[in-house]
Structures are given as structure tokens and as C-alpha cells.
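So the structure is just underneath, and the comments pick up after that.
Laboratory data are not the source of any read-out in this text; all were calculated from the coordinates shown. None of these values were measured; they are calculated from a predicted model. Cβ placement follows ideal geometry from the backbone for every residue including glycine, while neighbour counts extend to all protein chains displayed.
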Amino acid sequence: MFRFTIRELVLVTAVVALTIAWWIDHCQQVTKNYRAEMQVWKFRAQTLAVHIETYSGGKVSFGKSNLGKPYVRVQVGQVDNLYGDHRWTP
């Protein structure tokens, strides 16, 4: 059958371990970046809400969809718009 030396098994183990470590770190970075972007998005949405309510007389409400993604509903006169983050959530 196949005959592997200890050196080959250690090399394969090291490559697999490094790949798994990289993947875990990558997933953590993606989650961290997503949360930071959502904080910026929330701040901008709240600033816009104050502006709309103050100067346009509109109504702004915040919420979460059934999937847990945040959205902003803006109603000015007869116009009703829904804005949200449509990206994949890690």
C-alpha cells in the first residue's frame, strides 16, 4: 500500500494545522469587520433619522428582520421606503 515517513506525516499535519488556524483567524476578522461596519451604519442611520424627522417631518423607525438583519423604515408623506443590509451575515 502506501508508506509514509514520519517527516511526511509531520509536514502534512503542520500544513493542515496552519490552514485551520488561518481559517479561524479569517472568520474572526470578518465578524469583527462586519460588526464595526454595522456600528458605522447605525450611527449614520440615526443621524439621517434626526435630519429627516427635524426637517422633513417624516417618521423613521428601526428594527430587525426575521433573519436578525437590521433595517430602517423611512416614511415621508405617502412614500414608505425600507433600507437594510442585504449582505451575508457571518
Under 9 Å by Cβ, and 6 or more places apart or on different chains, what pairs join a residue from region 56-76 that is closer than 17 Å to Phe43 by Cβ with one that is assigned to a loop (DSSP other than H, G, I, E, B) and of a type in the set (Gly, Ala, Ser)?
-> Tyr71/Ser65; Val74/Gly58
How many residues, within region 1-23, are exposed (fewer than 10 other Cβ atoms within 10 Å of the Cβ) and of a type in the set (A, V, I, L, M)?
-> 2
